[in-house]
Amino acid sequence: PQGTLSWTSSIHLVPEGEGKRKFETSLELNIEAYLSNDLFENDLDKLNFYKEIESINSLEEFNDLRQDFEKWQNTLSKSEENLFKILEVRIKASDYKIKSIKRVWVSYEINFADELKVEELKKFLSLDEKVYFIVNSLNKLKCSCQKFSDDEDFLNYLCLMFFGEKKKKIKLKK
């Protein structure tokens, strides 16, 4: 069912044992992103899979999980593909100290950690080749929703910013 997906999770900014500082990143976008109940034998299996997703702290771990899922599933539905995109963006957002990515009325907002430095903001803005984002403050960027057809289109733009062109296309179920 379509609805607002709000995903909040802890992302480690430093390796385990080195201060254990955690960084919270949340995405609040109206995107259909879920795993079908048909994929799991019972609710406990599904819960365990979501716990495994929640424990991912690096793109390497993410890629391993995604590859395993694709081997098991062969093709991904649109909602499954969206879920994996959201997870990938959530992980990459930690590199830029992003606290939240959300739609607020007629704008998308990206909020950064309080300790963000100007150089770090410039690094993120250098990814915005279409110059869609406007700096509200050192810790907040905005972008008009009119630049995108919907929240999924915005998520795809973030993927393009973070990862460039995807190397392989995923065959979607119809």
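Please find the FRET efficiency linking residue 144 to residue 26, where r is the Cβ-Cβ separation and R0 is fixed at 30 Å, and quote it to the nearest 0.05. Working from the Cβ atoms, E equals 0.90.
The packing ranking of peptides 147-153, 127-133, highest mean first, is 147-153, 127-133, where packing means the average number of other beta carbon atoms within 10 angstrom of each residue. In this model, which of 51/85; 46/85; 51/117 are farther than 27 Å apart at the alpha-carbon? As for pairs spanning more than 27 Å Cα to Cα, those are 51/117. The protection proxy used here, the mean number of other Cβ atoms lying within 10 Å of each residue, ranks peptides 25-37, 52-64 as follows, highest first: 25-37, 52-64. Take 39-48, 68-77 and order them by the average number of nearby Cβ atoms within 10 Å per residue, most first; the result is 68-77, 39-48. Is there a pair in 78/99; 71/97; 92/142 whose C-alpha atoms are over 23 Å apart, and which pairs would that be? Too far apart for the 23 Å limit: 78/99; 71/97. Element breakdown for segment 31-138 at a 1.4 angstrom probe: carbon and sulfur atoms account for 48% of the accessible area.
Of all aspartates and glutamates in the structure, the ones whose alpha carbon falls short of 14 Å from that of residue 147, not counting any fewer than 8 places away in one chain, are 109, 128, 129.
The values are calculated or read from the model by the stated rules, or taken from the named source; none is laboratory data. On a predicted model such as this, the values are computed, not experimentally measured, just so you know. Counting neighbours? That spans all protein chains shown, and the Cβs are built from the backbone with ideal geometry, glycine included. What goes into the accessible areas is simple: the full protein's heavy atoms, side chains included, and nothing from ligands, DNA or RNA. Shrake-Rupley method; radii C 1.70, N 1.55, O 1.52, S 1.80 Å.
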